[in-house]
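The values are calculated or read from the model by the stated rules, or taken from the named source; none is laboratory data. Quick caveat: nothing in here was measured; it's all calculated off a predicted structure. Here the Cβ positions follow ideal geometry from the backbone for every residue, glycine too, while neighbour counts run over all protein chains shown.
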Amino acid sequence: MASLLSPVHAAVRSDAIEPYNATLDNFDYPFDVGRFTFESQDQTLSLAYMDVKPQGAPKATVVLLHGKNFSGFYWERVASELVDMSFRVIIPDQIGFGKSGRPEHYQYTFAGLANNTRQLLEHLEVEQATMVGHSMGGMLAVKFAKYVKDKTARLILINPIGLEDYLNWVDYQDPQVFLANELNKTPESIRRYQQKNYYDGKWRPAYQALLEPHIGQLKHPDYPRVAKNNALTYNPIFSESIV
């Protein structure tokens, strides 16, 4: 997973990270960020995205879908290499993640997120794209490929989750359980979680860059809203397996 990250990102000490609001306004992304405004569930939402184009006509379009504990910025190296190979690369932050809006109330489903992504591609006048999904983004990519077949040229999964029905192994938890966990997070607990679940118990300084937006949001008054959306996005993972 760390290979998704550009090597130019340097490790930053937790105590040196500034507070970031719910939409990471002061956190730099590697490419220009656009905003797509649309209506969903009786509210106006803003979806952030990066649309990186090669010099000359692109030979195809690739859409990169981020995982649960990440957002679009970590695709920097992959996107740069694809652009160098003459691909157009679109990197959305899903609603509830990264620089996109975090609603006070939202029913998260993969079909719904796929529909939001479809609207974004229509807004950008993309007829077809290769859909690349990492981790939770793999679940979303599969749902997109199923429900938006006409826009899916290829489907590529990178370390996807959701390939088994988790409720065969664990009991369903109300989102309030995940909310309590989110509200109890610390910089060190975030690092331990990622080290255990993503890096086989190992740690490199470069991984710290992936923690920066999370730690910055912990320090901001917006964090309860961030935590609520983080908790709500667990629900489709456990209730919408892609077996």
Checklist line | Cross-chain or 6+ apart pairs with Cβ under 7 Å, the range 15-42 first and touching a residue at least 60 places away in the same chain (Cβ under 8 Å) and surrounded by 12 or more Cβ atoms within 10 Å (Cβ to Cβ), then outside any loop (DSSP other than H, G, I, E, B) and hydroxyl-bearing (Ser, Thr, Tyr) | finding: PHE36/TYR49
Next item on the list: Could you look through the range 164-176, keep only residues that are surrounded by 13 or more Cβ atoms within 10 Å (Cβ to Cβ) and out of contact with any Ser or Thr (no Cβ under 8 Å at 6 or more places or on another chain), and pick out the one that is farthest from TYR74 (Cα to Cα)?
Entry: GLN173
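Take the conditions in contact (Cβ under 8 Å) with a residue 40 or more places away in the chain, of a type in the set (A, V, I, L, M), part of a helix (DSSP H, G or I) and closer than 24 Å to GLU39 by Cβ and apply them to LEU167. Does it pass? If you could, list the steps in order and put the result at the bottom.
Working: in contact (Cβ under 8 Å) with a residue 40 or more places away in the chain: yes; of a type in the set (A, V, I, L, M): yes; part of a helix (DSSP H, G or I): yes; closer than 24 Å to GLU39 by Cβ: no.
For LEU167, the condition - in contact (Cβ under 8 Å) with a residue 40 or more places away in the chain, of a type in the set (A, V, I, L, M), part of a helix (DSSP H, G or I) and closer than 24 Å to GLU39 by Cβ - is not met.
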Next item on the list: Pick out the one residue from GLY67, GLY112 that is of a type outside the set (D, E, K, R), under 21 Å from LEU24 (Cα atoms) and touching a residue at least 60 places away in the same chain (Cβ under 8 Å).
Entry: GLY67
Check: Is there a residue in the range 140-155 that is at pLDDT 95 or above and closer than 22 Å to ALA231 by Cβ?
Finding: yes
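Only strands (runs of 3 or more DSSP E) wholly contained in the range 29-119 count here; list those with 1 or more residues that are of a type in the set (Val, Ile, Thr) and over 16 Å from the mean Cα position of the chain (by Cα). Before you say what the answer is, go through the steps one by one.
Numbers: elements: 33-40, 43-52, 60-65, 87-92.
Ranges flagged: 33-40, 43-52, 60-65.
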Margin query: If I ask for residues that are in contact with a Ser or Thr (Cβ under 7 Å, 6 or more places away or on another chain) and either surrounded by 22 or more Cβ atoms within 10 Å (Cβ to Cβ) or at pLDDT below 95 (or both), which ones from the range 86-95 would you list?
Written below: ILE90, PRO92, ASP93, GLN94
Margin query: Tell me yes or no: at least one residue of the range 143-155 is of a type in the set (Val, Ile, Thr), touching a strand residue (DSSP E or B) at 6+ places or on another chain (Cβ under 7 Å) and under 18 Å from GLY67 (Cβ atoms).
Written below: no
Margin query: Between a residue in the range 76-88 that is among the hydrophobic types (A, V, I, L, M, F, W, C) and any residue that is modelled with pLDDT under 95, which pairs come within a Cβ distance under 8 Å, given they are 6 or more apart or on different chains?
Written below: VAL78/LEU4
Next item on the list: Go through the range 100-150 and count every residue that is crowded, with 24+ Cβ neighbours inside 10 Å and closer than 15 Å to GLY34 by Cα.
Entry: 2
Check: Can you name the residue in the range 186-220 that is assigned to a loop (DSSP other than H, G, I, E, B) and touching a residue at least 40 places away in the same chain (Cβ under 8 Å) and, of all such residues, is surrounded by the most Cβ atoms within 10 Å (Cβ to Cβ)?
Finding: LEU211
